[in-house]
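Worksheet: the structure to be examined is printed underneath.
Taken together, the values in this text are just the output of simple stated rules run on the coordinates, not laboratory data. Here the structure is a predicted model, which means the values were calculated and not measured. Here the Cβ positions follow ideal geometry from the backbone for every residue, glycine too, while neighbour counts run over all protein chains shown.
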Amino acid sequence: MIDDDTTADTGSSPRQRAIEAYESARDSVSGAGRRAADTFGEAPLIALAGGIAAGALIAALLPRTDAETRLVRPTAKRVKDTARAAYKAARDTGSGKLNELGLNREKGEETIRGLFQGVTDAAKASGQAALDAARNKG
């Protein structure tokens, strides 16, 4: 016999699935932020990752019956196909506009390298100035 709080196909309660989806969404968003800081080229994917995480959470909180699944399946497929096409169009257009502005992955990496080199040089110069001041004072 199957408990009302569990589903026949997964064996987990809607509450447990919601908790797992929330944790997964939180981890995805946190991981997306770290990855975006690592490379300039992944920045457009942050919004997508957040949307996917939010969608997974909502889906986990709203369990469907078999009848709903049969009725929703054709619409869900159309929505999925439309979302995939919209994502591709947005990605391609965004990348094209960024390239027109000279903002591409290579340029971003070059800028970040230059920034870190400047910070390193400033730190070395500051350290040397402090050392020179301490030697002259003593």
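Brief remarks on what is shown
- Sequence-distant lysines (8 or more away, or on other chains) whose Cα lies within less than 18 Å of residue 97: 88, 107
- Global form of region 75-138, assessed from the alpha-carbon gyration tensor, a/c cut-off 1.5: prolate
- Label-to-label distance, residue 26 versus residue 134, with points set 7 angstrom from Cα along the beta-carbon direction: 4.4 nm.
- Förster radius 35 Å - calculated FRET efficiency between residue 91 and residue 113, Cβ distance, rounded to 0.05: 0.85
- By average C-beta atoms within 10 angstrom, highest first, the peptides 98-111, 120-133: 98-111, 120-133
- The label point for residue 105 and the one for residue 69, both projected 7 Å from the Cα toward the Cβ, are 3.9 nm apart.
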